[in-house]
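The values are calculated or read from the model by the stated rules, or taken from the named source; none is laboratory data. Bear in mind that the values here come from a model prediction, so they are computed numbers and not experimental data. With ideal geometry, Cβ positions are generated from the backbone for all residues, glycine too; neighbour counts draw on all protein chains shown.
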């Protein structure tokens, strides 16, 4: 058994950007065969990306469904017990516990595979050229940090460096016997350390000279938007540094991404986002720094958001009265135009359908799940500038490209940032973590049609219990 591992295999790359990850996710193979060629390393790494699209992870729960219900994104029917339990932050029901356990198990399974890949980067070093070694190891370390960080954001405490109560596993090696757990500060130090090493290894990432959507001679090094590239590592580093309160380093990392915006991450064009266009760019494709290629993205619309086929009990949508308040009656806001311009009346309620993941004839934008986008770098910079007036200038650069009036009063910076996090990241799983990072004691209640009532938040609401299956995971390789 020690010579076998669940390696997440990808098929041989095909030409063209539309089919490079249209593969079956994994198989069981002998380790000494999997890593004896460059193609074996490529397949193993691609398999990690593919499995991140699993329903339990960014294919649903941690993007547009479960984590967004926890953030009060949708007005749901009280009769839909699972949905309403998440809105109410009642996590002890069997379905909720099963869902949280599946997230935990899937992430740590992927981390185990990443660590086996990293181990073989050293054992089979002769197989890889220097460029490939740096690229593969850099991406793998970045992914290890990415997945651990989301475990921390979901199951970890309200962050305090002195907190020693909650201890979560951070796996740096593939081990049959070691099950290391770390308190908050040390856990986050591990995240930062992995990201900084990944940044160094990806210093010569092709994205820095060729762009985020360039196809070159080697397909594996093409289309860097779909991989945890150097800019994605910088933005993730900014996100993680801000989470632990290190604003100076967060600002520095965010500016590394901002510096490339004009060249590689163009702001969306207003004329390309209209919901009436067959190829409407609802995800703001060019602005995505890192996204997962997922041919099943459009199924999310039919599963959760299609008001023409789903019953009111199963539909995930905000009420029209809530959307008008969120967007301050600005129907020219790009997010309103792209995501919410379709109305539906069901019974006595009027909803705005969420259409970010509705299918279009543009297979590029229809099949990319946003994970990191350029606007977040500006939001982080705005929050981290020592002087509010400087922060306001960063934020205004986003507002002007969203059809929103620029700020003139820097005292409103924090409140405007909150509004922007609510409007910008619909269906991308970031709002709940924003509230948790800032330790909001109250958040707006999605049960209230007028969107004014507040829901009390505390440790129990922000920190789901570590699943009982955690002990099973620790023993899975024994």
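Odds and ends about this structure:
- Filter result for residue 427 (surrounded by fewer than 19 Cβ atoms within 10 Å (Cβ to Cβ), at positive phi and assigned to a loop (DSSP other than H, G, I, E, B)): no
- Yes/no for residue 283 being in contact with a helix residue (DSSP H, G or I) (Cβ under 8 Å, 6 or more places away or on another chain), assigned to a loop (DSSP other than H, G, I, E, B) and either touching a residue at least 12 places away in the same chain (Cβ under 8 Å) or on the phi < 0 side of the Ramachandran plot (or both): yes
- Condition met for residue 135 (closer than 21 Å to residue 222 by Cβ, crowded, with 18+ Cβ neighbours inside 10 Å and touching a residue at least 40 places away in the same chain (Cβ under 8 Å)): yes
- Hey, residue 208 in contact with a helix residue (DSSP H, G or I) (Cβ under 9 Å, 6 or more places away or on another chain), farther than 28 Å from residue 435 by Cα, without any contact (Cβ under 8 Å) to a residue 12 or more places away in the chain and surrounded by fewer than 19 Cβ atoms within 10 Å (Cβ to Cβ) or not: no
- Residue 319 vs. criteria over 24 Å from the mean Cα position of the chain (by Cα), touching a residue at least 12 places away in the same chain (Cβ under 8 Å) and either more than 26 Å from residue 228 (Cβ to Cβ) or surrounded by fewer than 19 Cβ atoms within 10 Å (Cβ to Cβ) (or both): yes
- Among residues of segment 152-167 being surrounded by fewer than 20 Cβ atoms within 10 Å (Cβ to Cβ) and touching a residue at least 24 places away in the same chain (Cβ under 8 Å), the one that is nearest to the chain's Cα centre (by Cα) is 155.
- Of the residues making up segment 50-63, one or more are in a helix (DSSP H, G or I) and either modelled with pLDDT of 95 or more or surrounded by fewer than 22 Cβ atoms within 10 Å (Cβ to Cβ) (or both).
- Residue in segment 403-419 that is over 21 Å from residue 335 (Cβ atoms), touching a helix residue (DSSP H, G or I) at 6+ places or on another chain (Cβ under 9 Å), surrounded by 13 or more Cβ atoms within 10 Å (Cβ to Cβ) and at pLDDT 95 or above present: yes
- Listed by first and then second residue, the pairs linking a residue in segment 425-444 that is farther than 20 Å from residue 402 by Cα to a residue that is in a strand (DSSP E or B), with Cβ atoms under 6 Å apart and 6 or more places separating them unless they lie on different chains, are 435/443; 442/454; 442/456; 443/455.
- Test: residue in segment 184-197 that is under 18 Å from residue 382 (Cα atoms) and out of contact with any strand residue (DSSP E or B) (no Cβ under 6 Å at 6 or more places or on another chain): no
- Candidate set from segment 341-375 (those that are within 21 Å of residue 60 (Cα to Cα) and part of a helix (DSSP H, G or I)); member that is modelled with the highest pLDDT: 366
- Exactly one residue out of 105, 68 is modelled with pLDDT of 95 or more, under 16 Å from residue 464 (Cα atoms) and surrounded by fewer than 18 Cβ atoms within 10 Å (Cβ to Cβ), and it is 105.
- Considering segment 168-189, the residues that are part of a helix (DSSP H, G or I) and buried (at least 18 other Cβ atoms within 10 Å of the Cβ) include one that is nearest to the chain's Cα centre (by Cα), namely 188.
- Residue 231 fulfils the conditions (1) buried (at least 23 other Cβ atoms within 10 Å of the Cβ); (2) touching a residue at least 60 places away in the same chain (Cβ under 8 Å) except for a single criterion, (2).
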